[in-house]
There are 2 protein chains.
Amino acid sequence: MAPQLDGYFKQVDKLSESFIERLRKAVAIPSVSADDERRPDVVKMSEFLVSELTALGAHVESRPLGLQPGKKDLHLPPVIVARYGSSPNKRTILLYGHYDVQPALKDDGWATEPFTLTVDDKGRMYGRGSTDDKGPVLGWLNAIQAHKEAGVELPVNLLMCFEGMEEYGSEGLDDFIEKEATPGGFFEKADAVCISDNYWLGTEKPCLTYGLRGCNYYSVSISGPGQDLHSGIFGGCAQEPMTDLVRVLGKLVDTDGKIQIPGINEMVAPVTAEEKSLYGDISYTMDNLYESLGSKTGIFPDKEKTLMARWRYPSLSVHGVEGAFSAPGAKTVIPAKVVGKFSIRTVPDMESEKVDSHVFKYVKDEFAKLGSKNTIDIRLIHAGNWWVASPKHWNYTAAGRAVEKVFGVKPDLTREGGSIPVTLTFEKATGKNVLLLPMGSSTDAAHSINEKLDRRNYIEGTKLLGAYLHYVAEEEMKA
Amino acid sequence: MAPQLDGYFKQVDKLSESFIERLRKAVAIPSVSADDERRPDVVKMSEFLVSELTALGAHVESRPLGLQPGKKDLHLPPVIVARYGSSPNKRTILLYGHYDVQPALKDDGWATEPFTLTVDDKGRMYGRGSTDDKGPVLGWLNAIQAHKEAGVELPVNLLMCFEGMEEYGSEGLDDFIEKEATPGGFFEKADAVCISDNYWLGTEKPCLTYGLRGCNYYSVSISGPGQDLHSGIFGGCAQEPMTDLVRVLGKLVDTDGKIQIPGINEMVAPVTAEEKSLYGDISYTMDNLYESLGSKTGIFPDKEKTLMARWRYPSLSVHGVEGAFSAPGAKTVIPAKVVGKFSIRTVPDMESEKVDSHVFKYVKDEFAKLGSKNTIDIRLIHAGNWWVASPKHWNYTAAGRAVEKVFGVKPDLTREGGSIPVTLTFEKATGKNVLLLPMGSSTDAAHSINEKLDRRNYIEGTKLLGAYLHYVAEEEMKA
Ligand SMILES: [Zn+2]
Ligand SMILES: [Zn+2]
Ligand SMILES: [Zn+2]
Ligand SMILES: [Zn+2]
């Protein structure tokens, strides 16, 4: 039978101003994890969550993660874990979010104070962390509150995991999750995982995200002279590392994104008919692409090829060069050592180590062709695996029904090009299905200036999170 | 008849400790022209020169250059001009030097305090500006003082031009020199110019420098997206400016320094037999090259080819990329706009504008081959011409005899790969021969940490400067 959600929805509407107030309080705490001096604010934000969750009747624990590696006397912010309900007759859903934010300064070009939630007449709520990820985290708290105040029982148990270092590499989190997912751990009873930390493909239609690309990030160093040289004095008589580096980097990928490294494209899983069929329905146009690029410099002429290129094919980007002259103006330096940075986005069925060995061999071979006396060193800086879940799992079908209920449309089934490493960590640690259920839209500008969350996405999103829990309970009964 | 220099030389030896004291006082004034906050120290250094020159009996003027372009309320340091002697029966030599210095911080890696002259047991005098260019400037003051105290008359008139912005582009100086070289100007009577602001080729043998390469510095911008993109989200679906840039930069020059741009090498003047003969005598070995490179990554196996590559052939260096990721670590950015910087060192008979048009055409052609939708913009940032003087001019033969007298060896006749733009300015403005007469040696590390001037170079160099004035007077009589 269809869940009775009217009371809950009405309560969300009734409480909407107080939910925005809750977000305002959270945005006002500049919990920037990348900035050591802001660490007390990150901790303050964790305390805010503890106090809000406690007031809602949840069992809450603030778990220390110890000292931050590489820093003296700097403690990592705690992981806030919470439990709401523990009925053995109910499914248990594990929720993840993060309460830290990207750095933000008014001087970066913000139109408003970044740590003051500012709502405009179109309901756009500007502020750092509004959409990434304080809005979604508070969405869960809002959902609990609205259920309580509407007198509607939550049909599932909730476990929560809110971390404070996501924007700085989730330092210490993997070990924590793995430990808590073992028997006796806090996350032991989780039946499925739901993460709300990504975005709709567009601005109108919600999506469920079932896949992420991985990323193998490389550095290629070329060094020659013992120190930087002046090009006037030495130009023409010494082999220059930068000359070699641009030649090598120029061999990696062509203008149309085709990776030139033999063996890489060969590892990509072929597109099945079933997979292909998922792309036709997706609400996306080339104009959407051009708008988000801010240009018409796309590679492919149509939606399907474009989305597949972003989601299910590998890509190679050259990010930059360390050690060369990078400031404005003119400096006549011959850099002694330059380090090119590039990465490959990986997809099924690419194996990370095989990718490395193809990359290493190719780069060394291309360098050898130059006949240079300089020295090359190519290495992997980090690797994160791709992830693909089954969009047919009850965790997804429940979320799909919830979207239809709240928004009146079937959600887009999307993948994403970027990685959200914690997704894979939860999947591996719990062995359960992981759903990415975004709240914000494609125009929210997470990590940029003028980050915002639309009022509609926040309030209807709160309804969606609650509705999802009801459909999850339903699906369970059918299962 | 050979000049009588014994009395002068003895007096220099006698005064040597006070000359070092003079250098110590000058080094203690951190006259860093690049640092706005140090401007009062640059001015203080100019006042030090005024006071020292006045005490020696010179006529001195501190000439304002007005406000620094692009800065609010920041005055350029003055040019100190001075006249010592104005006999109509004597030749007049115009001396140039600069009293500003490169930035220096102990934290950069200096073994000693950069603004405290520290003399070690091998007579190496460490300190910012010791060799570039306070030592040589004070060398002229020392020479005047020793003549006075020895009761030896200077056989030439001296004009001096000491500037305080050399390390920051000699802002305002060209116009000043051009104006003062016209009839009625301070430099009107100059018969030749002597600049002491470069270095010996090695550490044992002085040199006279008769040529400099020019430099055409280019930026090539490639832009596509409206803002930086995340490679996870957009990698594979958009043409990336950095991909195009490394491909274009990779076409400019090969590992062995051969410029790939058609038309450039064709403009180079052929080596004459006479010119070739100058190279055999030069005191230089491949080990000298390897020592200064700090590596064995030279292009040519022999001295002649190596020196010609540095002095009389063009070279192309890729300096770096602005707008890409250049910090340590890993950032998954697709930069929206990247600006490659490269420069070509020019030599006779390359014409600057022709170089530009070959470069522009080639870069645009290579970019067009990529078939990219991104936008390219290539432009010249600055150009400075090459310069070659005749080493047979009396200004050079006099200096050569002075070297033989003081050091007992014939000097190397050298050119330099880098540009000293003021050389060309003086030549054009006065129409007279310009001599580069260095005081410091190749190991002095101007612009680097642990800059030094050897005591021998300073004291014997002071003798050389004085002796040069005597031989200049002699040559004049023969002329
Ligand atoms: Zn996030
Ligand atoms: Zn984020
Ligand atoms: Zn200098
Ligand atoms: Zn200098």
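The values are calculated or read from the model by the stated rules, or taken from the named source; none is laboratory data. Note that this is a predicted model, so its numbers are computed, not measured. When we count neighbours, we look across all protein chains shown, and the Cβ atoms used for this are built from the backbone with ideal geometry, even at glycine. Only protein heavy atoms, including side chains, enter the accessible area calculation; ligands, DNA and RNA are left aside. Shrake-Rupley method; radii C 1.70, N 1.55, O 1.52, S 1.80 Å.
Structure summary
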read-out: Drop in accessible area of at least 40 Å² in the complex versus isolated chain, residues of the stretch A:288-325, 1.4 Å probe; value: A:S292, A:L293, A:T297, A:I299, A:R310, A:S317, A:V318, A:H319, A:V321, A:E322, A:F325
read-out: Highest average packing first - B:462-469, B:118-125, Cβ atoms within 10 Å; value: B:462-469, B:118-125
read-out: Percentage relative contact order, chain A, counting C-alpha pairs under 8 Å, at least six apart; value: 24
read-out: Given charges at Cβ of Lys, Arg, Asp, Glu: chain B dipole, positive-most of B:P3, B:N216, B:S442; value: B:N216
read-out: Test item: A:248-258 mean partner chain Cβ contacts at 10 Å; value: 6
read-out: Shape parameters for the protein assembly as shown, alpha-carbon atoms, Rg then Dmax in Å; value: 35.2, 120
read-out: Sites B:H75 and B:T54, calculated FRET efficiency, Cβ-Cβ separation with R0 35 Å, nearest 0.05; value: 0.95
read-out: For the stretch A:67-108 versus the stretch A:266-315, the gap between their alpha-carbon centres in whole angstrom; value: 33
read-out: Nm distances between copies for B:D36, ranked from closest, using label points 7 Å along Cα→Cβ; value: 2.9
read-out: For the stretch B:1-130: accessible area per residue (Å², 1.4 Å); value: 48
read-out: Mean residue ellipticity (222 nm) of chain A, computed from DSSP H runs ≥ 4 via -39,500 (n - 2.57), nearest 500; value: -11000 deg cm²/dmol
read-out: Residue pairs, from the table A:K106/A:K179; B:K134/B:K205; A:K331/B:K251; B:K72/B:K364; A:K258/B:K251; A:K10/A:K303, whose Cα atoms sit over 29 Å apart; value: A:K106/A:K179; B:K72/B:K364; A:K10/A:K303
read-out: Radius of gyration and maximum dimension Dmax of the stretch B:147-227, Cα, Å; value: 20.4, 74
read-out: Percentage relative contact order, the stretch B:1-135, counting C-alpha pairs under 8 Å, at least six apart; value: 24
read-out: Euclidean distance of C-alpha centroids, the stretch B:137-154 and the stretch A:137-172, integer Å; value: 84
read-out: Using a Förster distance of 51 Å, the FRET efficiency for A:L67-B:E304 (Cβ separation, nearest 0.05); value: 0.25
read-out: Separation in nanometres of the label points that stand 7 Å from Cα toward Cβ, at B:K276 and A:K276; value: 6.9
read-out: Accessible area per residue, Å², the stretch B:132-253 with all protein chains present, probe 1.4 Å; value: 25
read-out: Electrostatic dipole magnitude of the protein assembly as shown [Cβ: Lys, Arg +1; Asp, Glu -1; Cα centre; debye, to 20]; value: 780
read-out: Solvent-accessible area per residue for the stretch B:422-461 (1.4 angstrom probe, square angstrom); value: 31
read-out: Within the accessible area of the stretch B:1-87 (1.4 Å probe), percent carbon and sulfur; value: 52
read-out: Additional length obtainable on full extension of the chain from A:K410 to A:T182, 0.36 nm per residue less Cα span; value: 78.5 nm
read-out: Chain A: radius of gyration and largest Cα-Cα distance (Dmax), Å; value: 24.2, 82
read-out: Reach of B:K296 by Cα under 13 Å, taken over aspartates and glutamates that are not fewer than 8 positions away in the same chain; value: A:E240, B:D287
read-out: Area accessible to solvent at A:W386, 1.4 Å probe radius, in Å²; value: 70
read-out: Percent of Cα-Cα distances greater than 23 Å, calculated over the stretch A:269-402; value: 57
read-out: Highest average packing first - B:362-372, B:407-417, Cβ atoms within 10 Å; value: B:407-417, B:362-372
read-out: 7 Å along Cα→Cβ, label-point gaps from B:P301 to other copies, nm, shortest first; value: 5.6
read-out: Accessible surface buried upon A-B contact (total; probe 1.4 Å; Å², nearest 100); value: 5800
read-out: Position B:N89, label points 7 Å along Cα→Cβ, spacing to each other copy in nm (shortest first, one decimal); value: 12.5
read-out: Column: log10 I(q)/I(0), Debye, Cα scatterers of the stretch B:391-479, q = 0.17, 0.18, 0.23, 0.26 Å⁻¹; value: -0.85, -0.94, -1.28, -1.35
read-out: Accessible area in the full protein assembly, largest first, 1.4 Å probe, for B:E274, A:E171, A:E163; value: B:E274, A:E171, A:E163
read-out: Carbon + sulfur, % of accessible area of the stretch A:164-263 - ligands and nucleic acids excluded, 1.4 Å; value: 47
read-out: Residue-span extension gain [B:E47 to B:K392] - 0.36 nm each, minus C-alpha spacing; value: 120.4 nm
read-out: DSSP-defined beta bridges in chain B - what % are antiparallel, rounded to 5; value: 70
read-out: Cβ-defined net charge surrounding B:N216, 9 Å radius [Lys, Arg +1; Asp, Glu -1]; value: 0
read-out: Gap separating the Cα centres of the stretch A:330-371 and the stretch B:358-428, nearest whole Å; value: 35
read-out: Shielding by partners - mean other protein chain Cβ count within 10 Å, residues of B:444-451; value: 1
read-out: Carbon and sulfur %, accessible surface of the stretch B:331-479 computed with the full protein complex present, 1.4 Å; value: 52
read-out: More than 20 angstrom apart: percent of Cα pairs within the stretch A:181-262; value: 68
read-out: FRET efficiency for B:R24 and B:D377, using Cβ-Cβ distance with R0 set to 51 Å, rounded to 0.05; value: 0.55
read-out: Antiparallel bridges, percent of DSSP beta bridges restricted to the protein assembly as shown (to nearest 5); value: 70
